[in-house]
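Asker: For reference, the structure I am asking about is given below.
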Amino acid sequence: MLKKTYETTLIGQADLVRKNRYGDGVWIRGLLEFTNRCRQNCLYCGLRRDNSRVRRYSLDEEEIFASVNQGYRAGIRTFVLQGGEDPAWPALRLCRTVEDIKRRAPEAAVTLSCGIMEREDYRALASAGTDRYLLRFETCDGELHRLLRDGVSLSERLKALIDLREAGIELGSGFMVGLPGETEEISRGNLTLCRDLDLDMVGIGPFIANPETPLAHCPSGSMEETVRLTAMLRLMLPDTNIPATTAAGSLSPGGREAMLAAGANVLMPNITPPRYRDHYRLYPGKTRLELDHLPELDSISEALIKAGRRMDMGKGNSISWKRRVESTRSRPLHRRPPDGSI
Ligand code: 5AD
Ligand code: SF4
């Protein structure tokens, strides 16, 4: 009982902070899952290189532009290009694609989420116009990270996050809730790491066991815990953007709504061409929040209004990011880093 009251208060407080900082608007981002090929072998993920049951695909540039164009005409002003670490998509190709999107959709922001790259690659992506980058650290525990990510070290991930920050890109990261082997201490550490990284976006979602992976028989993460951690994040990082994630919607029918009520302020409807969508199987039961036709935007809008919120099609920079940009502008020129990064 006491726990319930505490949680209701926690969620209520987080909701108030969200309202105070961001108002009732929910930023809409178009999510384009442009390649499901991946050279990595994370134990939890259905796109891992050893999973031979996935039909692999990669969109070509024309398909990407067509999807972006459709979303842009529907009013979307942020596009998230997400994929595995696909060697067919090196930084140079991504740079050209971002430049082209920016030419065709000048008011749009482009977010990339394509894994670990070299420092120079992130700089090139920033110069090409990449606005934001999402790279979850997944878990703050070094040993668990190495184990679940098949040998990739946490420090490599953290270095990539620092490189992205130095490249001057709005920075998103986050973690999975309830990974096998996670302890309470690790869970607390995940929150602390988000705060220490001073993130502009934090994406979290429950771990969902995927039958096509070595973690098939592990218990999935809990929705209640995901909602509780969302509220804690909003209180710890009041100015960050927090999406209500697909994994939450997939684990339980009202999962995304529960995150929105606990401090989240972003939704990412899927704009991947329908013929590819079923093959982007990070985990089973991925829910549909799709955007193929304008009426779907209307139904998202109606659902938000019912929940006392409103769809916001703006570019949706986080408050923390705006402050970061402001503080660079007000810094004397001679004290800025020579490459213009912030
Ligand atoms: N359950 C939940 N989330 C997953 N991801 C990958 N596999 C799973 C899974 N089985 C998440 C990771 C990754 C993001 C793209 O999807 O956090 O960063
Ligand atoms: Fe690849 Fe990302 Fe899946 Fe790991 S989580 S296998 S890096 S797509």
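Asker: List the Cys residues of the chain that have no partner Cys with a C-beta closer than 4.7 Å.
Answerer: Taking the Cβ cut-off of 4.7 Å, the unpaired cysteines of the chain are CYS38, CYS95, CYS114, CYS140, CYS194, CYS218.
Asker: Now, a different point. Taking amide H positions as placed in the peptide plane 1.01 Å from N, state which residues far from VAL177 in sequence (5 or more) or on other chains have amide H under 5 Å from it.
Answerer: Counting only residues 5 or more places away or on other chains, the set is GLY205, PHE207.
Asker: Oh, and also: In percent, what relative contact order does the chain have, based on Cα pairs under 8 Å that are 6 or more apart in sequence?
Answerer: Worked out over the chain, it gives 24 percent.
Asker: Could you work out [θ]222 nm for the chain from helices alone, using -39500 (n - 2.57) per DSSP H run of at least four and dividing by all its residues? Round to the nearest 500 deg cm²/dmol. Before the final figure, lay out each step's value.
Answerer: Working: 13 runs with 145 residues, N = 342.
Mean residue ellipticity, 222 nm, calculated: -13000 deg cm²/dmol.
Asker: Still on this model: Students sometimes get this wrong: rank CYS218, CYS42 by accessible area, probe 1.4 Å, all chains present, largest first. Let's see the in-between values first.
Answerer: Working: CYS218 40, CYS42 15 Å².
I get CYS218, CYS42, largest accessible area first.
Asker: Can you give the charge dipole size of segment 6-327 about its Cα centre, rounded to the nearest 20 debye, using +1 on the beta carbon of Lys and Arg and -1 on the beta carbon of Asp and Glu?
Answerer: About 380 debye.
Asker: Across segment 181-267, how large is the tail of the calculated P(r) beyond 21 Å, expressed as a percent of all Cα pairs?
Answerer: 30
Asker: Rounded if a/c is under 1.5, else prolate if a/b beats b/c, else oblate: with a ≥ b ≥ c from the C-alpha gyration tensor eigenvalues square-rooted, which is segment 6-327?
Answerer: It comes out rounded by the Cα gyration axes.
Asker: Evaluate the charge dipole of segment 75-115 about its Cα centre and quote only its size in Debye, nearest 20, assuming +1 on the Cβ of each Lys and Arg and -1 on the Cβ of each Asp and Glu. Walk me through the intermediate numbers first.
Answerer: Values: 6 positive and 5 negative charges, 39 e Å.
Approximately 180 debye in magnitude.
Asker: Suppose all protein chains stay in the model; what accessible area per residue would a 1.4 Å probe give for the chain, in Å²?
Answerer: That works out to 44 Å² for each residue.
Asker: Lys pairs in segment 6-327, Cα-Cα under 24 Å, at least 8 apart or on separate chains: how many?
Answerer: The result is 8.
Asker: Quantify, in whole percent, the carbon and sulfur part of the accessible surface of segment 16-84 (1.4 Å probe; protein heavy atoms only).
Answerer: 44
Asker: Would you work out which of THR246, GLY263, PRO273 lies farthest towards the positive end of the dipole of the chain? Charges go on Cβ: Lys and Arg +1, Asp and Glu -1.
Answerer: GLY263
Asker: Now for a separate question. For HIS145, HIS279, give me the order by solvent-accessible area with a 1.4 Å probe, most accessible first, ignoring ligands, DNA and RNA.
Answerer: HIS279, HIS145
Asker: A follow-up question, please. For segment 55-118, list log₁₀ I(q)/I(0) at each q in 0.23, 0.30 Å⁻¹, using the Debye formula over Cα point scatterers of equal strength and ignoring solvent, two decimals each.
Answerer: The computed values of log10 I(q)/I(0) come out as -1.03, -1.51.
Asker: Ok, one more. Under 13 Å from a point placed 7 Å out from the Cα of VAL325 along the Cα-to-Cβ direction: which residues of segment 82-110 have their backbone N that close?
Answerer: Residues 107-110 fall inside that zone.
Asker: With θ set to phi - 60°, apply the Karplus curve 6.51 cos²θ - 1.76 cosθ + 1.60 along segment 56-63 and write out the HN-Hα couplings as whole Hz, x wherever there is a Gly or Pro.
Answerer: 7, 8, 8, 6, 9, 4, 5, 5
The values are calculated or read from the model by the stated rules, or taken from the named source; none is laboratory data. All values reported here derive from a predicted model rather than from experimental measurement. Counting neighbours? That spans all protein chains shown, and the Cβs are built from the backbone with ideal geometry, glycine included. Areas reflect the complete protein model, heavy atoms only, side chains present, ligands, DNA and RNA absent. Shrake-Rupley method; radii C 1.70, N 1.55, O 1.52, S 1.80 Å.
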